[in-house]
Structure formats: structure tokens, C-alpha cells
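Written out below as C-alpha cells is the structure these notes cover.
The values are calculated or read from the model by the stated rules, or taken from the named source; none is laboratory data. Note that the coordinates shown come from a computational prediction; the quantities given were computed from them, not determined experimentally. All Cβ positions, glycine included, derive from the backbone under ideal geometry; neighbour counts span all protein chains shown. Side chains included, ligands, DNA and RNA excluded: accessible areas come from the protein's heavy atoms. Shrake-Rupley method; radii C 1.70, N 1.55, O 1.52, S 1.80 Å.
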Amino acid sequence: MKLANILKSVNVCETLGQTEREITGIQMDSRLIESGNLFVAVKGTQTDGHAYIQKAIEKGAAAIVCETLPETIDQAIIYIKVNDTEDAVGKLATAFYGDPTSKLDLVGVTGTNGKTTIATLLYNMFRRFGYKVGLLSTVCNYIDGEAIPADHTTPDPITLNKLLGRMADEGCKYAFMEVSSHAIAQKRIGGLRFAGGIFTNITRDHLDYHKTFENYLKAKKTFFDNLPKTAFALTNLDDKNGKVMVQNTKAHIATYSLRTLCDFKGKVLEDGFDGMLLDINNREVNVQFIGRFNASNLLAVYGAACLLGKQPEDILIALSALRPVAGRFDALRSKRGYTAIVDYAHTPDALENVLNAIHEVLRGRGRVITVVGAGGNRDKGKRPLMAQESVKQSDKVIITSDNPRFEEPQDIINDMLAGLTQEEMQKVLSIADRKEAIRTACMLAQPQDVILIAGKGHENYQEIKGVKHHFDDKEIVNDIFANE
């Protein structure tokens, strides 16, 4: 594509060189540059792309987009100066990849918890309806049936547009996408056109990046502020910030709730460890999901499908056939009569939701043993809160390692334990070795007890000192069960 056509999407301050040149690709990482590429120098949180302009030129870049022109100008290179490269890169990528979201309906899901479940269930549902569908999620990205591994909840804007471009080229009619607060704040979704947005809930998370809860909330709200008039904004009225999220949106507002009057109203009629009977807008449906938080997720899926023009009867049939997402309230049954639940819950609120769901089904017939840790090099403030939440709703808690990253596991455990009183400590063990912690929980469990193994869910690795070692909670539980 000609550089001049790519640049139509951004406000250019200054140009050095002829923009009629053909561009072969677009990159913001100088190491990935190939001959004829456009390099966008973005000031990131870790490094400043402007420091790598010369490296990009040496690798074969034909043009540079930057906020500050380099001191030495290479006459063979085209330089384009803009005010904000972080803002420009998404728009440039959208133009280069042929504006993919003009060719398919893209729905974004944002919130602290539930994003993966809602986006994945919508993807599975619309494939059941016979459409080609794309998915961009924490667990994995999909172009219809083709799996593409995911590194971030929301990819960088170039990878994102490349994936969406492939989805459009391969005939996808819909794409469902998790939209993280980081992606909104870093303008990774700049240039994309959304057909709809879904708000799940908002509680404390990512304060290591956003610094304050207000900044975190503002990032989520910005997504809805920027939705076009043609889109829908589906919000959860059971969250006190549900109305705040959509108060400035231009999109058509729709609501869902388990508690109050709304467009898509739900109620849990019966529940067990094998599923629930729900009432959705006065129609009953059996689903293979557990817990009120999942009932809320399914309402969001139902509402979004209705807003995308599908018939309620068809949606309910599809809901009854859908299965839980990997690592999200994954219930495994022991031969000794207890249940282990593997779940991704890694925030205080997610832990509260999952433990509430367990108690709703258990109704005092057995004990709850929780195995929980916290990630290293992330928001330290939530560590004591996670320990408190676990102790509040469990008969026994084993505090262990999660992904320590570059921190010492015991330091993270100590931060969690610091939130507990001497009395609360009576029901707590700390075992840094996660495998040993899971094994201990299984040894302690009696018939009818439930073990919650929280924090990693679908992840099949443990990240220690920058290295990802194979580690799968579900695999370990199945091995223990096989040898009981």
C-alpha cells in the first residue's frame, strides 16, 4: 500500500520525503523490521521507540513515523512527524490492513471479571449459528477454527489489525474481543470500529499500572465514550458503576441484571455442581454453568446476541448447549467424594464470586478448602485482600505460589499473610510449592468437601525469574485423583 494512503488516517505535522512510496508492512518493534516497512516510534511504558529509529533504518525501514525528528536525517528515508505516535499507530495499522472492522461486526467486552467467558461463549454461540467468527481473548485467539496463541488480553494495535484483517479476508462475519484497561489506556484499539460493547463489572485490579481506582474506571469508561451511534452499549446494572460506564456514550444503551428491572432480566431457579436452571426474560433454560456470576455472564451473552439480531428461542437453545470456558469454574470429581474446582480467579472480587458460588451449591453440607496465591510484579495492594477474602469464606486456606515472576514466592506469601489477624491465621497453612499445596488440600479433603484452586485457571505454566515452566493445576488434580 502507498504510504500516502496509509497517512490519510492521521494528522501529520511535518513530512520529509515523497509519500508515494509503497510500504510492505508496519512495525513498532525495530527487531521485526523488514525491507520497505514503516516503523512507528512509540513511547512505551518500558522503552522509547525513538531510541531505535536508526536500528529500524539499518534493518530496512523505508519510512519513520515519530514525534521528534532525529538529529541526523537520512535522505533515502521518509520521515513523518505526528503529535502522538501511540494514538497514530492503531489508525495507521487499521489503514494498512484495509480497515477490517468495516467488513465485520466487532463486539468488545470490558470489565474486571467475566471478559473471557462472555467473549468465548459469544464466539462459540455464533459458530453454532453457522457463521465464521473471530475471537481475541486471554486464553487464545481464533480465526474461525484456527487457534493462534495469545500473549496479552488485548494484542498490540498492529497484531490486532493484522488478526482482524485475516478474519475479514477469511469471511468472518463477527469477531468478539476482550478489551483490557491497558489496551484502552494505551490506545491499542485506536482506529477500530465497534458494533457493540459489553460492561461486566469493575473492582480493584491493575493498580500497579493505573495507580488509582479512578484511573482504572476512567480507562474502562473511555471505551464506551468512544463507541459510535450505530453501536450498542450493554451494561450490568448489578454493578454500581454500570450506569456510570454508559452515561456519556453515543451508542444505544441496553441493560442486564439478576436483581432489578432491565432489558435482559435473569434469575437462578435451581443450582448444583452440574449446572443451573435459569429464568431469562420469563423463559426457562438449563445451562452447564455454576454460580450467580456465571448467570450474569450468560445474561450478557443472551443480551448481546439479541442486540445482534438473533431470535431469543435460538439463543436459549444455544445457551443450553454451551460448556464452560477452560479454567473457569472447572469442576473435577474425586473418587473419594469431594470436588476440586480450578478457576482463574486472581482478584479479591473474583475470589468472592467463586467462593459465593461454591457456598450457594454446597449449602453447608461440606467444607471449603481454598488454595490461593498472588502474581509477582503486579498490584501488591490486592495481596492481603485476597488472603482476607479466602479466609472469610473458607474452612481452611493454603496460601501458595502463583506466578512469582521476578519476586521471591515467600515475599508474596508474606504480603498476603500480613492482611490476616492471629485468629484468622489459625485456619491458614503456607506452602510455597504450588504442587505440594494442591496435594495437601486433596489429602485434607473429606467426602462432600470442595477444594478451590484459584489464580491460574487455563494457564499451563508457572513463570519464575522470566522463565515459563510447564505447570497445569487441572493436570495435577487429575494425577492426584488417578492415584487415590
Which one, Met386, Ile453, Pro348, projects farthest toward the positive side of the charge dipole computed for the range 341-458 from Cβ point charges (K/R +1, D/E -1)? Ile453
Using θ = phi - 60° and Karplus 6.51 cos²θ - 1.76 cosθ + 1.60, couplings along the range 401-418 (whole Hz; Gly, Pro as x): 8, 10, 10, x, 6, 9, 9, 7, x, 5, 5, 5, 4, 4, 4, 5, 5, 4
Normalised Cα Rg of the range 444-484, dividing by 2.2 N^0.38 Å with N its residue count, works out at 1.40
Can you find, among Val368, Gly337, Leu417, the residue farthest towards the positive end of the dipole of the range 299-440? Put +1 on the C-beta of Lys and Arg, -1 on that of Asp and Glu. Gly337
No solvent, one uniform scatterer per C-alpha: report log10 I(q)/I(0) for the range 160-247 via the Debye equation at q = 0.13, 0.24, 0.25 1/Å, two decimals. -0.47, -1.28, -1.34
Evaluate 2.2 N^0.38 Å with N set to the residue count of the range 275-332, then give the Cα radius of gyration divided by it. 1.09
Taking every alpha carbon pair in the range 79-189, what does the distance histogram look like in 5 angstrom bins from 0, in percent? 2, 13, 23, 25, 19, 10, 5, 2, 1, 0
Quick P(r) readout (the range 1-104; Cα-Cα; 5 Å bins; whole %) gives 2, 14, 27, 28, 19, 7, 2, 1, 0
Cα radius of gyration and Dmax for the range 402-484 (Å): 14.1, 40
The chain, accessible surface, carbon-and-sulfur percent (1.4 angstrom probe): 47
What whole-number value in Å² describes the accessible area per residue of the chain for a 1.4 Å probe? 42
Mind checking the angle between helix 473-482 and the chain's longest principal axis? C-alpha axes, 0 to 90 degrees, to the nearest 10. 30
From Cα coordinates alone, what are the radius of gyration and Dmax values for the range 329-484 in angstrom? 14.3, 43
Pairwise Cα inverse-distance average, inverted: Kirkwood Rh of the range 284-382 (Å): 15.6
The range 444-484 and the range 66-89 have their Cα centres apart by a whole-number Å value of 49
Taking the inverse of the average 1/r across all pairs of different Cα atoms in the chain, what Kirkwood radius in Å do you get? 23.9
